[in-house]
1. Check the stretch 104-127 and report whether any residue there is in a strand (DSSP E or B), surrounded by 15 or more Cβ atoms within 10 Å (Cβ to Cβ) and in contact with a helix residue (DSSP H, G or I) (Cβ under 6 Å, 6 or more places away or on another chain).
2. State whether the residues of the stretch 44-64 include one that is assigned by TED's automatic domain parsing to the domain that holds residue 147, part of a helix (DSSP H, G or I), at pLDDT 95 or above and under 23 Å from residue 197 (Cα atoms).
3. Please count how many residues of the stretch 121-176 are farther than 18 Å from residue 54 by Cα and more than 20 Å from the chain's Cα centre (by Cα).
């Protein structure tokens, strides 16, 4: 089989604006999930995925995707895996800088979606992170690269044992969530959420404002105020918040 006959999509989405990327780097996946819920999106969080390192930086970037299917013994040999036209290896070299490589394994953890050398290469190329609903091998080495990486669990066996790469940069289902090329992924210490590309600017702004309101609410809660009438926000608490912002976000002692 000629691996070049496999479908390849070249319509890579443009990157995020620097302003929106910066906003998303300051908010948590929980805030983003809330903003998506307000718009009717209930299945945007990649359940069951965890950061490889608890110390890794937050991850923000448009999706560039790789899809696997189950391997077959007469095709998925180490000789074929080592070819330059292997889509798995191509994904590492072709994922654009600033993007997140999203690897759909169908939940397979019988073999690795990537390892430390691939992670090192992506880090060197400026890739923003890598996400899979399967698992990685060489996880201590991946941690050492400082590339943000999210997986279901470790999967040390070699990729061809169980998986065959079939498509680059097409729609995928990662952890049962639809991810289209150019959708924006945000990862933090808790996990990963997907934002549809056309909503990313407004979601980023709304989530950033939510973080600021929660700072205001936390000041009051830490002083003994009940959450009723404070969180979720009410028209009255919003007026209080607006006054706090107008005053320069002072401590409560200054307001008293």
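1. yes
2. Scanning the stretch 44-64, I find no residue that is assigned by TED's automatic domain parsing to the domain that holds residue 147, part of a helix (DSSP H, G or I), at pLDDT 95 or above and under 23 Å from residue 197 (Cα atoms), so the answer is no.
3. 11
Here is a yes/no grid of residues against (1) free of Cβ contacts under 8 Å to residues at least 24 places away in the same chain; (2) closer than 21 Å to residue 26 by Cα; (3) under 23 Å from the mean Cα position of the chain (by Cα):
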position	(1), (2), (3)
192	no, yes, yes
197	no, yes, yes
213	no, yes, no
216	no, yes, no
233	yes, yes, no
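Each row is one residue, and each column tells you yes or no for (1) surrounded by fewer than 16 Cβ atoms within 10 Å (Cβ to Cβ); (2) farther than 30 Å from residue 111 by Cβ; (3) free of Cβ contacts under 8 Å to residues at least 12 places away in the same chain; (4) under 15 Å from the mean Cα position of the chain (by Cα).
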| position | (1), (2), (3), (4) |
| --- | --- |
| 17 | yes, yes, no, no |
| 31 | no, yes, no, yes |
| 43 | yes, no, no, yes |
| 60 | no, no, no, yes |
| 68 | no, no, no, no |
| 73 | yes, no, yes, no |
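The values are calculated or read from the model by the stated rules, or taken from the named source; none is laboratory data. These numbers come from a predicted model, not from an experiment. FYI the Cβ positions are ideal-geometry reconstructions off the backbone, even for glycines, and counts take in every protein chain you see.
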